[in-house]
Amino acid sequence: MIPLLVFYLHTVAAAWAYTKRWQEEGVKEGILAVAFIAIIFSVGWTIGTLLLQAVAPPKGFGPGLDRDALSLLLVTLGEGVFYYWYLKK
C-alpha cells in the first residue's frame, strides 16, 4: 500500500510540475520538469535501496513496511525537503 501511495504522490507531483512550468515557460520546460522529477526519483530510490540493504532486514518491519517500502519512504522524504528548498520562491 505504501509503494502505491508513493507512486501516486509522484504522479501528482509530476503533473503539477508540468502544468506549472508549462504555464510559465512553455511545453519544453514542462517536459524538462517531469524528466527532472523522474531522474531524481530513480537515482534516489537506487541510493535509498543501497543504504537500507546495510541497515534493514530483508523482510523489513512488517508486512506493509518491507525494505522497498522503506526505501520509497526515504526517497519521498528526501525529495520533499529537496523540492521545498529548490522550488521555494
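Computed from Cα positions, the angle between helix 27-55 and the longest principal axis of the chain comes to roughly 10 degrees. Note on K20: aspartates and glutamates with a C-alpha under 19 Å away, same-chain residues under 8 apart excluded, are E29, E79. Counting only DSSP H runs of at least 4 residues, each contributing -39500 (n - 2.57), and dividing by the residue count of the chain, the helix-based mean residue ellipticity at 222 nm comes to -29000 deg cm²/dmol. Calculated on C-alpha atoms, the gyration radius of the chain divided by its Kirkwood radius gives an Rg/Rh of 1.06. In the chain, the longest principal axis of the Cα atoms and the axis of helix 2-24 are about 10 degrees apart. Helix 67-87 and the long axis of the chain differ in direction by around 30°, with both axes built from C-alpha atoms.
Taken together, the values in this text are just the output of simple stated rules run on the coordinates, not laboratory data. Keep in mind that this is a model prediction, so the values were computed, not measured.
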